[in-house]
Each structure stands twice: as C-alpha cells, then as structure tokens.
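Accompanying notes for the structure given below.
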Amino acid sequence: MRTGLGFALVAMTCTVGFSAVMTAAPAAAFTPDQDPNPSTAAVSVQTPAQTMSVAADTQQTAVAVDTYGATSQAELDQKKAAAAAAAAAAAAAAEAASENAQATASVASSGTGLGAEILALAETYIGVVPYSTGASPSEGFECDGLVQWVYGQNGISMPRGVDEQASMGTEVSESQAVAGDLVVYPGQHIGIYDGDGGIVDSPDWGRYVSHRAIWGSPIFIHVAGV
C-alpha cells in the first residue's frame, strides 16, 4: 500500500513540476515563425544588378534617315511648265503624223498627178482607136503598144512586150496600186489601172480601146515617177 501511495505522490509531484516549467517558459518559444535552427533560418539576400554583353556584329545597325528639303514654288512652276511643253510637243507630233498619213493615203488613191495624166490620155482613145499590132493612134494599138505610147507621151520611155514593160516597175498589191499603174497578166496582156478596180486597154482584134472591170488575178506594177 505504501509503495503504491508513494508512487502516486511522486507522479503528482512530477506533473505539477512540469506544468510549472511550461507556464514559466516565455511565449516566444512557441512562435512558429521563428526557426530555432540557424541553418534553416530565412536570410535576406541582395542580388547584384546583372549585365549582358552583346557581340559588336549583332548590334542593331543605325538606320539612316533621308532628309528632304521643301520644294519651292518656283521649282513647282518650272516643272509644270516643262510638263505642259512636253504635252504640247507630243500633240504636235501626233498631228503631224496624222497629216502625213492622210497625205500618203491621198497619193496612194490618186497617184502623183502624172499617173492621172497617163490615165486621162489613155481614156481619150476609148472607142476611137482599134486594136492592131501598132503603137500609135494612127496605126492602132496592141495592148503593149497603148502602154508604150501613153507613157511615152508623159516622158516615160517603155519597151514593147508585156513582160518587158512589167519589169520596168515594182510589183505592188491592188490596195497599193494607183491610177496610171500597170495591170499585168504575165506573158499575155497589159493595160493601165484606173485606180478604182478597172483597166483601160486595147483588148483584141475587132475591138477598140476599152475601159472595163479587171478580171482574173493580174499583178499590179508601179513604175517610178507615176
């Protein structure tokens, strides 16, 4: 019994003593924010400013900025005048080209004047001079004789023979042929072009100099000077 009572008293004494010790401990000892271990305590660290080195060839190249001066009113007026002069010159050139084209078209349709005279002379023999082997109004006209006579009266010497007369000029298209040019059926027949799809020629035996429409597929010969 004593032994049990003694143990109980000792136990109670220890309990009371421990409580006293716990009560006497300062409150800071239980503050969870303070770490009693120095190795794990928070330390304020200051990090020095960092710098970066960049290679010279990777640095951005400086951008050159063009500078422009203001254009004066005098310069603007000068440019405007130059543009107006260029426009006027272009208009004048276009007008001159148009006039040249019209003049060329006029010559192409009527000849140089000599062609018209050749045609007019040939027309005076229509129904008057008969076909023959001759080369004059008094003898009659063969087809090449009519051409030789009419051209000769206008200052252009021509040989006899269809192909020989054709060789005296340059072949042109029908659209390029003018009054007074030659209408040639190679090796067969020749006459004088009227400038409008017709021919003045001396056709055949028993007939007279005629003015008629072109037939078949002749060639057209332009003689220089006509």
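The values are calculated or read from the model by the stated rules, or taken from the named source; none is laboratory data. Note that this is a predicted model, so its numbers are computed, not measured. Every residue, glycine among them, receives a Cβ derived from its backbone with ideal geometry; neighbour counts consider all protein chains shown.
Which count do you get for residues in region 197-211 that are within 14 Å of ALA120 (Cα to Cα) and assigned to a loop (DSSP other than H, G, I, E, B)? Working first, answer last.
The first filter runs over region 197-211 and keeps only residues within 14 Å of ALA120 (Cα to Cα), leaving 198-201, 209-211.
With assigned to a loop (DSSP other than H, G, I, E, B) added as a condition, the list becomes 209.
Result for region 197-211: 1.
Selection over region 174-195 of residues that are more than 15 Å from CYS143 (Cα to Cα) and among the polar types (S, T, N, Q) gives a count of 2.
Listed here are the residues, each with its yes/no results for (1) touching a Phe, Trp or Tyr at 6+ places or on another chain (Cβ under 9 Å); (2) basic (Lys, Arg); (3) modelled with pLDDT under 55; (4) part of a helix (DSSP H, G or I).
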| site | (1), (2), (3), (4) |
| --- | --- |
| VAL54 | no, no, yes, no |
| VAL63 | no, no, yes, no |
| ALA92 | no, no, no, yes |
| GLU95 | no, no, no, yes |
| SER106 | no, no, yes, yes |
| GLY127 | yes, no, no, no |
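Go through the residues of region 155-167 one by one and say whether even a single one is modelled with pLDDT of 95 or more, outside any loop (DSSP other than H, G, I, E, B) and touching a Cys at 6+ places or on another chain (Cβ under 9 Å). Yes, that holds for at least one residue. On inspection, SER72 passes the criterion of being among the hydroxyl-bearing types (Ser, Thr, Tyr) and at pLDDT 80 or above. Screening the candidates ALA179, ALA224 for the property of being assigned to a loop (DSSP other than H, G, I, E, B), touching a Gly at 6+ places or on another chain (Cβ under 6 Å) and either buried (at least 19 other Cβ atoms within 10 Å of the Cβ) or hydrophobic (A, V, I, L, M, F, W, C) (or both) yields one hit, ALA179. If the condition is being exposed (fewer than 13 other Cβ atoms within 10 Å of the Cβ), of a type outside the set (Asp, Glu) and over 20 Å from ARG160 (Cβ atoms), then region 183-206 contributes GLY197, GLY206.
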